[in-house]
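Asks: Sharing a structure here in structure tokens format.
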Amino acid sequence: MEEAKNMALLFFMDHLMQKNGRRTIHDLSCQFGARGFSEEMRNAVGTTQEGLTEFLQGHPSLFTVEGDQVILNGHNDLNAKNNPLLQSGVRSRNYEKEAVDFFVTKLTKFGPELQIKSLLGHRSQAAPEVRLVSGRHLKEFCEFLQSQVDYFVVEGDRVRLKNMPEPDENAIEMDDEGRPLAGVKAKQAAVEYLKSVLEQNEDQPIPLDLFYQNFCQRFSHTIRQDVATNPKELLQFLKLNRGLFFIRSNKVSLVKNRPNEEGSENGSDEGDETNNNGMFPLDQSSLTRIHFVKALKPAQDLIARLWQDINNMEKKVVGLDLKTVTVGVDGEIFLSLGVIATTSQIGIFDLASSDVIILESGFKGILESEKVVKVIHDARRVASLLAHKYAVHMRNVFDTQVAHSLLQHDKFGKSLHEMRPISFINLQRVYYPQSIMLSDVTPRKMSQSPNWGVRPITEEFQLTIVEEAHCLLSALYQALSNLIPVHLRGLFEDKCIEVNHPEVLLASPNRPPPQPFISSPYRASTRRDARNGGTIMQSFSPAPYAAAPRPQMSDACTQTFSTGDIEVLNVFYE
């Protein structure tokens, strides 16, 4: 009975810790039927709300009962280290060992390497004492894993088994030239081996977990880190080679000469015929074609060289990417880096160092040029920032996010408003998986989001920065352009305008067009006048303490507030 009481106390403490330390008696009594709350525990605490209240009041060092409210004492300071019920002197079970065994089992089944947050997600299936011992939050969970050095190895945001299975004597470690397998060569070697395994069992599909075991028996962990460190990552890797591997119901077989079956997990074959559009490959040898600038004069020179490339193109198309950082508790977004790619060189502009680079280097001129197609993924995320902070409105944009949504709309008939946005890495997986296969990017890098605010910028990081713009221009632009049906091209162009100039498609007779922004008395401002055919109007600010200009009616989405008093008259909403 004493053991059942302790288990019940742990259960209610765990429940309260997850609910910010305060719940009602009624809510706690509803947990009598929860998984993990045994009949012995119910009998120990009483089977009614009155019995539960009396039980909790009997432990005043742990709980405070105020009316129908139950409060966990010291909620903010309580953890596995100072929990009195988990101290070795008052327990008959080794909860720490149980927690270790639980997570070793999960890593053995789903690993042997996983992201720490993925392993943390399995903790909900554990007993309450295991959840308490292993920590309440991600930070405490990491500390728990790091303390168990005999069982786990923590590297960054990942954890793996220390004693994980290693390959047999037939392991592949070297390439044909006698150098350790890594990067692209490791991926190619993995494809050849996995293909040979399936050829030996051509009549019978192989379950994914068994297929991964074969993979682990042939390649060491060092090589697996470049390909796949768990069955889920192996599934993603196989889908990158959908011309060879067919996956259905978590079973793998070789692709035969048959059309791609609707509803399979094999993915789409869209974009498989893309080429590099005459663009140079992206590797260490291409660093001489990547130029990083962080001052106005070098930026002006680089823009001039980019314009030379653009003017020599038969079809003037560039890859564009704008990297942002989020700062402060309010999550304010700032531009950090700008990338413009042509077929012969790529420019990286450090926009965090100075706003002048956007406005005076010629960067703005390329963004607003009607004769240059800018290929970008998800322009909406930066269009508002460019418009409000810099008065820059991108023109002639080819938005791959819009293209993907239209293709899904045409294929499945779903409304455009119901379409979920697709990340760039998933866009590559769908339309140009070769770009991932032909790069040194590892599953670990694919699962991490780089911090674009990091300085200084190394040469290796430059390759990461330009990867998106390079892929957009070299492959995705042509692939998606070819896939958009003729009857949807007009809608596609309208949608690309809408994400950059919402006032164009949202204008109504009840709402006046946007007015030119009236600058504050302290700084000059350049704004585009929508009434004068898109011509630039330069307004120079008066001296400080000058009389404020007469308030003008302005669209809410284009209004910018700066110093001084600004009055908005008659704001219209859709």
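The values are calculated or read from the model by the stated rules, or taken from the named source; none is laboratory data. As the structure is a computational prediction, the values presented were derived from the model and not from experiment. Cβ: placed from backbone, ideal geometry, glycine included. Neighbour counts: every protein chain shown. Surface areas here come from the heavy atoms of the whole protein model, side chains and all, with no ligands, DNA or RNA. Shrake-Rupley method; radii C 1.70, N 1.55, O 1.52, S 1.80 Å.
Asks: Looking only at the stretch 300-352, which residues are acidic (Asp, Glu), farther than 28 Å from residue 388 by Cβ and either outside any loop (DSSP other than H, G, I, E, B) or under 19 Å from the mean Cα position of the chain (by Cα) (or both)?
Replies: Within the stretch 300-352, 301, 309 qualify.
Asks: Just one of 47, 24 is modelled with pLDDT of 80 or more, farther than 14 Å from residue 128 by Cβ and surrounded by fewer than 15 Cβ atoms within 10 Å (Cβ to Cβ); which is it?
Replies: Criteria check complete, one pass: 24.
Asks: Which one is farthest from residue 358 (Cα to Cα) among residues in the stretch 373-416 that are out of contact with any helix residue (DSSP H, G or I) (no Cβ under 6 Å at 6 or more places or on another chain), without any contact (Cβ under 8 Å) to a residue 40 or more places away in the chain and part of a loop (DSSP other than H, G, I, E, B)?
Replies: Per the stated criteria, the residue is 413.
Asks: Please specify each residue of the stretch 141-158 satisfying the condition of being under 21 Å from residue 446 (Cα atoms) and touching a Ser or Thr at 6+ places or on another chain (Cβ under 9 Å).
Replies: 157, 158
Matching residues to (1) without any contact (Cβ under 8 Å) to a residue 12 or more places away in the chain; (2) surrounded by fewer than 21 Cβ atoms within 10 Å (Cβ to Cβ); (3) within 25 Å of the chain's Cα centre (by Cα):
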| position | (1), (2), (3) |
| --- | --- |
| 449 | yes, yes, yes |
| 458 | yes, yes, yes |
| 462 | no, yes, yes |
| 468 | no, no, yes |
| 478 | no, yes, yes |
| 484 | no, yes, no |
| 489 | yes, yes, no |
| 494 | yes, yes, no |
| 498 | yes, yes, yes |
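Asks: Follow-up. Scan the stretch 118-137 for residues that are open to solvent by 30 Å² or more (accessible area, probe 1.4 Å), part of a helix (DSSP H, G or I) and in contact (Cβ under 8 Å) with a residue 60 or more places away in the chain and jot them down.
Replies: Step one: list which residues in the stretch 118-137 are open to solvent by 30 Å² or more (accessible area, probe 1.4 Å), which gives 118, 120-125, 127, 131, 136-137.
Still in the list and also part of a helix (DSSP H, G or I): 118, 120-125, 131.
The answer is 131, and nothing else.
Asks: Does residue 419 satisfy the condition of being touching a residue at least 40 places away in the same chain (Cβ under 8 Å), assigned by the TED database to the domain that holds residue 342 and either buried (at least 20 other Cβ atoms within 10 Å of the Cβ) or in contact with a helix residue (DSSP H, G or I) (Cβ under 8 Å, 6 or more places away or on another chain) (or both)?
Replies: Numbers: touching a residue at least 40 places away in the same chain (Cβ under 8 Å): no; assigned by the TED database to the domain that holds residue 342: yes; either buried (at least 20 other Cβ atoms within 10 Å of the Cβ) or in contact with a helix residue (DSSP H, G or I) (Cβ under 8 Å, 6 or more places away or on another chain) (or both): yes.
Considered against the rule, which asks whether it is touching a residue at least 40 places away in the same chain (Cβ under 8 Å), assigned by the TED database to the domain that holds residue 342 and either buried (at least 20 other Cβ atoms within 10 Å of the Cβ) or in contact with a helix residue (DSSP H, G or I) (Cβ under 8 Å, 6 or more places away or on another chain) (or both), residue 419 comes out as no.
Asks: Any chance the stretch 235-249 includes a residue that's at positive phi and outside any helix (DSSP H, G or I)?
Replies: Restricting attention to the stretch 235-249, the residues satisfying the condition of being at positive phi are 249.
Among the residues that remain, those that are also outside any helix (DSSP H, G or I) are: 249.
Checked against the condition, which is being at positive phi and outside any helix (DSSP H, G or I), the stretch 235-249 yields at least one hit.
Asks: Related question: Could you figure out which of (1) at pLDDT below 95; (2) touching a Gly at 6+ places or on another chain (Cβ under 9 Å) isn't true of residue 287?
Replies: The one condition residue 287 does not meet is (2).
Asks: Something else now. Within the stretch 89-117, restricting attention to residues that are outside any helix (DSSP H, G or I) and open to solvent by 20 Å² or more (accessible area, probe 1.4 Å), which residue is modelled with the lowest pLDDT?
Replies: This residue is 91.
Asks: Within the stretch 423-442, does at least one residue satisfy the condition of being buried (at least 17 other Cβ atoms within 10 Å of the Cβ) and in contact with a strand residue (DSSP E or B) (Cβ under 7 Å, 6 or more places away or on another chain)?
Replies: No, the conditions are met nowhere in the stretch 423-442.
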